[in-house]
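Mind having a look at this structure? Questions to follow.
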Amino acid sequence: MPRLSTGDLAPDFTLPTADGGSVTLSDLRGQHVVVYFYPAAMTPGCTTQACDFRDSLTSLAAAGYAVIGVSPDPVDKLARFAAEDGLTFPLASDVDRSVLEGWGAYGEKQLYGKTVTGVIRSTVVVGPDGRVELAQYNVKATGHVAKLRRDLKIA
């Protein structure tokens with residue numbers, strides 16, 4: 001699966017969200033957008049990562065960054081996830097994995113020493129012009145948001 005690189009035009013998408021609405025990437029032009037892909041809502045690693053984004057949302061927003069989480073979970077599971085963990089940023093449902101695949105966040109990966117096919121935990125930062133500013137694949141759930149903030153020079 002091809003991955004996105006700095007300077008690439010980020011593929012547009014419209015996906016249903018946990019709050020019953022939808023999110024369209026191109027509607028967010030003019031601001032920076034952090035799109036992060038995670039395997040499954042309400043699992044330990046994904047919960048840690050989502051809560052780290054939640055806890056960093058104020059500083060990210062102050063620096064001009066919006067956050068969108070994308071997983072293959074159905075909307076009803078994402079709604080439970082958002083409610084249980086107080087997640088206030090959009091959680092988008094990509095059940096057919098078309099966005100995950102188009103962004104290089106679905107494919108073969110190593111899991112406990114075995115090669116499996118699934119969601120590759122990834123984060124892509126899209127600039128105000130719709131182009132990729134930063135693409136990170138195979139990131140760790142724990143500590144990733146802190147590293148991302150350092151990479152983006154956000155206190």
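Residue by residue through region 54-92, note down the ones that are touching an Asp or Glu at 6+ places or on another chain (Cβ under 9 Å) and part of a strand (DSSP E or B).
Within region 54-92, Val70, Ser71, Leu91 qualify.
Here's something else I'd like to know. Exactly one of (1) within 15 Å of Leu148 (Cα to Cα); (2) free of Cβ contacts under 8 Å to residues at least 60 places away in the same chain; (3) surrounded by 13 or more Cβ atoms within 10 Å (Cβ to Cβ); (4) among the β-branched types (Val, Ile, Thr) is unmet by Thr58. Its number?
Going through the list (1) within 15 Å of Leu148 (Cα to Cα); (2) free of Cβ contacts under 8 Å to residues at least 60 places away in the same chain; (3) surrounded by 13 or more Cβ atoms within 10 Å (Cβ to Cβ); (4) among the β-branched types (Val, Ile, Thr), Thr58 breaks only (3).
Same structure, new question: Before we move on, is Gly113 at positive phi, of a type outside the set (A, V, I, L, M, F, W, C) and touching a helix residue (DSSP H, G or I) at 6+ places or on another chain (Cβ under 9 Å)? If you could, list the steps in order and put the result at the bottom.
On the way: at positive phi: yes; of a type outside the set (A, V, I, L, M, F, W, C): yes; touching a helix residue (DSSP H, G or I) at 6+ places or on another chain (Cβ under 9 Å): no.
No, not satisfied.
Of the conditions (1) closer than 14 Å to Phe13 by Cβ; (2) open to solvent by 80 Å² or more (accessible area, probe 1.4 Å), Lys114 satisfies every one except a single condition; which number is it?
Lys114 satisfies every listed condition except (1).
Restricting to region 27-66, and then to whatever is among the small types (Gly, Ala, Ser) and within 22 Å of Tyr137 (Cα to Cα), can you tell me which residue is modelled with the lowest pLDDT? Don't jump to the end; show me each part of the working.
Step one: list which residues in region 27-66 are among the small types (Gly, Ala, Ser), which gives 30, 40-41, 45, 50, 56, 59, 61-64, 66.
Then keep just the ones that are within 22 Å of Tyr137 (Cα to Cα); that gives 40-41, 45, 50, 56, 66.
On the way: Ala40: 96, Ala41: 97, Gly45: 93, Ala50: 97, Ser56: 96, Ala66: 97.
By that ranking, first place goes to Gly45.
Considering each of Gly20, Gly104 in turn, give the residue that is in a loop (DSSP other than H, G, I, E, B) and under 22 Å from Lys147 (Cα atoms).
Of the residues listed, the single one that is in a loop (DSSP other than H, G, I, E, B) and under 22 Å from Lys147 (Cα atoms) is Gly104.
Of the residues Thr14, Thr47, only one is open to solvent by less than 40 Å² (accessible area, probe 1.4 Å) and either over 14 Å from the mean Cα position of the chain (by Cα) or β-branched (Val, Ile, Thr) (or both); which? Lay out the reasoning, then the answer.
Numbers: Thr14 fails: open to solvent by less than 40 Å² (accessible area, probe 1.4 Å).
Exactly one residue qualifies, and that residue is Thr47.
Which condition number does Gln136 fail, the rest of (1) free of Cβ contacts under 8 Å to residues at least 24 places away in the same chain; (2) over 13 Å from the mean Cα position of the chain (by Cα) being met?
Only one criterion in (1) free of Cβ contacts under 8 Å to residues at least 24 places away in the same chain; (2) over 13 Å from the mean Cα position of the chain (by Cα) is unmet by Gln136, namely (2).
Let me ask you something else. Of the residues in region 63-83, how many are small (Gly, Ala, Ser), touching a residue at least 12 places away in the same chain (Cβ under 8 Å) and surrounded by fewer than 22 Cβ atoms within 10 Å (Cβ to Cβ)?
To start, the set of residues in region 63-83 that are small (Gly, Ala, Ser) comprises 63-64, 66, 69, 71, 79, 82-83.
Still in the running and touching a residue at least 12 places away in the same chain (Cβ under 8 Å): 63-64, 66, 69, 71, 79, 82.
Filter again for surrounded by fewer than 22 Cβ atoms within 10 Å (Cβ to Cβ), leaving 63-64, 66, 79, 82.
Matching residues across region 63-83 total 5.
Within region 90-108, can one find any residue that is farther than 25 Å from Arg3 by Cβ, in contact (Cβ under 8 Å) with a residue 12 or more places away in the chain and surrounded by fewer than 20 Cβ atoms within 10 Å (Cβ to Cβ)?
So the first thing to find is which residues in region 90-108 are farther than 25 Å from Arg3 by Cβ, and the list is none.
No, there is no match, as no residue in region 90-108 is farther than 25 Å from Arg3 by Cβ, in contact (Cβ under 8 Å) with a residue 12 or more places away in the chain and surrounded by fewer than 20 Cβ atoms within 10 Å (Cβ to Cβ).
If a residue has to be polar (S, T, N, Q) and closer than 16 Å to Gly118 by Cβ to count, how many in region 35-68 make the cut?
2
Any residue that is open to solvent by 30 Å² or more (accessible area, probe 1.4 Å), farther than 24 Å from Leu152 by Cα and touching a residue at least 12 places away in the same chain (Cβ under 8 Å) - is there at least one of those in region 26-37?
Of all residues in region 26-37, those open to solvent by 30 Å² or more (accessible area, probe 1.4 Å) come to 26-32.
Subsequent filtering for residues that are farther than 24 Å from Leu152 by Cα retains none.
There is no residue in region 26-37 that is open to solvent by 30 Å² or more (accessible area, probe 1.4 Å), farther than 24 Å from Leu152 by Cα and touching a residue at least 12 places away in the same chain (Cβ under 8 Å).
The values are calculated or read from the model by the stated rules, or taken from the named source; none is laboratory data. Please read these numbers as outputs of a predicted model, since none were measured by experiment. Methodologically, a virtual Cβ is constructed for each residue, glycine included, from the backbone with ideal geometry; neighbour enumeration extends over all protein chains shown. Please note that ligands, DNA and RNA were not included when accessible areas were found on the heavy atoms of the full protein model with its side chains. Shrake-Rupley method; radii C 1.70, N 1.55, O 1.52, S 1.80 Å.
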